[in-house]
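Computed from the coordinates by the stated procedures, all read-outs in this text should not be read as laboratory data. Nothing here was measured: the structure is a model prediction, and the numbers come from that model. All Cβ positions, glycine included, derive from the backbone under ideal geometry; neighbour counts span all protein chains shown.
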Amino acid sequence: MTLYISKCQLAKSLFNTSNLSLINNTGAECASKEYLVDGEIQEGFHNPMSFMKCGNNLTINSTHVIYSNILYIYAEQRTIINRNNYSMNVSCVYPLNYPVALNITLKPKTVTTGLSIPGVSGEMQITMGVFTESSFTNVVTDSTTLYVEDTVYIRVWMPALEADTFAIKVIRLYATPGGTGPESGLVFNLTSGPDGCPNPEYGDGLITVLQNGNSSEARFAMKVFKITDQDYVKLYADTTICTSSCVVNCNQRLLRAQTPENVASMSVELAAEDSSFSGAANLGFSLSWIFVSLISSLFFGKFM
């Protein structure tokens, strides 16, 4: 939670310019500090958006998550005091699900996109990346050549998400030919149903769920594949946020899950290229990976 207050305006209003507090000031990150913002000196707070931290209160309804606190501003100590101490409610609000679909193709670049949510006073960031190994450290780049049946590792994560309270869940992985989107009607569902489990139609091992619905990130392993007569394959991940663990045992699915009303959609594109080797199994992929930033967790409050 980030708050800034003009020190000049505090002084003009006869408030103490360096003694601001929240419900709980325990810890260095909960104390106010001086910042220079857009050329103006501000007194402000940068504290973790976490339940009970600095006295933060957490409210969850069917559509939004709300972190709230109380900001206390104290009158300047003078011989004659004509100003009362002041308190104000502050809050950061963001939705549980995001009605956003970004189907963009950028090669060989990485992209960060910030989107504002109508009626919401902040943003959060969700990221998608493709990696070459199960440690999720080396990202696939445009110069990485991959072959059919190679394994790549897909990670979707939200760095600012409070993992003890929420969980990221990929509800659908699917692919389309490069240059087209789902609206073309040619869609290959790599998972079946709205629970992120592998689609048995494509055999065992094409998609393996490593982690999904129990933390601030979801992880999958995927065998590299090619769509017949297509030079590119576009891979999508539809993602939502759960207010508690929402892990599905893909080996014991009895009931069909319900699709969330709103999801965030991200995509990466695989470029097929001819190999010097013969045989369809040696066709290679040069994967231009992108990540789409949807929501960033910086909230700014400023009053004059």
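Whole-Hz Karplus values for the range 134-145 come out as 6, 7, 6, 10, 9, 7, 6, 10, 5, 8, 7, 9 Hz, taken residue by residue from phi with 6.51 cos²θ - 1.76 cosθ + 1.60 and θ = phi - 60°; glycine and proline positions read x. In this calculation the C-beta distance from Val37 to Thr141 is compared with R0 = 41 Å, giving a FRET efficiency of 0.70. The packing ranking, built from the mean of other Cβ atoms within 10 Å per residue, places the peptides 38-46, 190-198 in the order 190-198, 38-46, highest first. For the cross-link pairs Lys169/Lys223; Lys53/Lys234; Lys7/Lys53, the ones whose C-alpha atoms lie over 31 Å apart are Lys53/Lys234.
Compared with the alpha-carbon gap, the fully stretched path from Thr165 to Ala221 is longer by 17.6 nm at 0.36 nm per residue.
Remark on Glu76: its backbone amide H falls under 5 Å from those of Phe15, Asn16, a criterion applied only to residues 5 or more positions apart or on other chains, H modelled at 1.01 Å from N.
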